[in-house]
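Everything below concerns the one structure shown next.
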Amino acid sequence: MLRSLVGSEMCIRDRNTWVRRQMTRDDSPVTILLGNHEVMNLDNDLRYAAPESNIPFYVEEEERRLRETAGAENSEVLIAAMHDAIVAGGGGLEGAKAYYNTVTTTASGGGSLRRDALAARRRMFKGKGSQPGQVGGKYGTFLQVEAKLIHIYNDSVFVHAGLKPQFARYGLEKLNSVARSAIEAKATFSDDDDMSLYQSPIFASDGPVWTRDLVGQAQSKRCTQLQSSLDTVNVNRMFVGHTPQRDLQIGSYCEGKFIVTDVGISRWMYGGLSTVEIVSKHEYGADTSSLPTAELSEMVEVRVVDPSDLSERAGREMDRLEEKGGVDHLVLEELMQALSEAEKTKHRTGLAKRGGGGATATNDEL
């Protein structure tokens, strides 16, 4: 597809979709987890989406429009011309901008690529579904149907940010069901201001896609809440992402019971490259459901693979932060999220006073 010419998070999302469906067909299922950025896109909260990152969404929509409206023979000619225009414009984002300026000037006397690209992203995550409560759009539909909030495999629980005790007590089925119901409820509103996913405690700042509390506690050698959650869901360890490790190494805390896998792989963050491999020592497909967690733990080995130039990478990252006056994107992200939640809470309070916006829930209600 032409959007591969301009580079894209879409390529990563499409690859994840393909891997999940291909591996499922091969009886090696892959589970996709909801993270805070998936939730933000579904909620139309796009403050982290750089304008340039939206352009590939426009490019893909434009290619699809040409295929659907120009007829088979003409569409191939037009798509080839679109390809040539992007390449002639320098390729990448600049090429997409050059193509956009050509077609909008010709068709309508000018336009705004930033505006149209943002609208294309929104449609792909929150288009209109064919049924009430159904999220439309290429990625919105996929996330609603196939992504989970939390997953357990053998003796490990996987969650984007962390599973605190007040959420663990509900159990995985309930948590995944509540997350799906919140997404369905959001899809019934035509105006994004009428309902936010953050109204559900499960998507709030201390919930499974946003909290950094467990990581902070573990780094301070405080593992009580972690152990409580592990005991509640009857597993031996928890894997999370979300909180980048500034030394660019996958973190292992609380005697290996808490694995933090986010090494800030994005160039926008730290550019870390590390992987974790979980090796099962039992025969694939064997039924382990009746085994106690202690015995399961002995059947699993966790291996961390770091790049050979890790220390050099970490040093460059620290130098980069110092050059920017010590400003850390992770701190900025935390501040932005706090401000956003405060603003949405204020808005919901106003709706409630006017008798709109629906009910809000507490952690005791979910």
**Request:** State whether one or more residues within the range 201-208 are under 17 Å from the mean Cα position of the chain (by Cα), in a helix (DSSP H, G or I) and in contact (Cβ under 8 Å) with a residue 60 or more places away in the chain.
**Result:** yes
**Prompt:** Does residue 121 meet the test of being open to solvent by 30 Å² or more (accessible area, probe 1.4 Å), closer than 27 Å to residue 40 by Cα and at pLDDT 80 or above?
**Reply:** no
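Has the range 69-89 got at least one residue that is closer than 16 Å to residue 114 by Cβ and buried (at least 19 other Cβ atoms within 10 Å of the Cβ)? Steps first, please.
The initial filter retains those residues of the range 69-89 that are closer than 16 Å to residue 114 by Cβ, namely none.
Looking through the range 69-89, none of the residues is closer than 16 Å to residue 114 by Cβ and buried (at least 19 other Cβ atoms within 10 Å of the Cβ).
Please work out if residue 243 is in a loop (DSSP other than H, G, I, E, B) and in contact with a Lys or Arg (Cβ under 8 Å, 6 or more places away or on another chain). So that I can check it myself, show each step before the final result.
Numbers: in a loop (DSSP other than H, G, I, E, B): yes; in contact with a Lys or Arg (Cβ under 8 Å, 6 or more places away or on another chain): yes.
Yes, satisfied.
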**Item:** Members of the range 166-184 found to be aliphatic (A, V, I, L, M), modelled with pLDDT of 95 or more and either open to solvent by 10 Å² or more (accessible area, probe 1.4 Å) or in a strand (DSSP E or B) (or both), listed by number
**Value:** none
**Prompt:** What about residue 21, is it at pLDDT 70 or above and open to solvent by 50 Å² or more (accessible area, probe 1.4 Å)?
**Reply:** yes
**Item:** Residue among 230, 214, 163 that is open to solvent by less than 10 Å² (accessible area, probe 1.4 Å), part of a loop (DSSP other than H, G, I, E, B) and at pLDDT 95 or above
**Value:** 163
**Item:** Count - residues of the range 91-110 that are more than 14 Å from residue 62 (Cα to Cα) and either of a type in the set (Val, Ile, Thr) or modelled with pLDDT under 80 (or both)
**Value:** 8
**Fill in**
residue 189 meets each of (1) over 30 Å from residue 256 (Cβ atoms); (2) open to solvent by 50 Å² or more (accessible area, probe 1.4 Å); (3) in a helix (DSSP H, G or I) with one exception, condition (3)
**Request:** Count, please, the residues in the range 124-150 that happen to be at pLDDT 85 or above, in contact with a strand residue (DSSP E or B) (Cβ under 8 Å, 6 or more places away or on another chain) and either β-branched (Val, Ile, Thr) or surrounded by fewer than 16 Cβ atoms within 10 Å (Cβ to Cβ) (or both).
**Result:** 3
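The values are calculated or read from the model by the stated rules, or taken from the named source; none is laboratory data. Since we're looking at a predicted model, the values are computed, not measured. Methodologically, a virtual Cβ is constructed for each residue, glycine included, from the backbone with ideal geometry; neighbour enumeration extends over all protein chains shown. When the accessible area is computed, the model is the full protein with side chains, heavy atoms only, and any ligands, DNA or RNA have been set aside. Shrake-Rupley method; radii C 1.70, N 1.55, O 1.52, S 1.80 Å.
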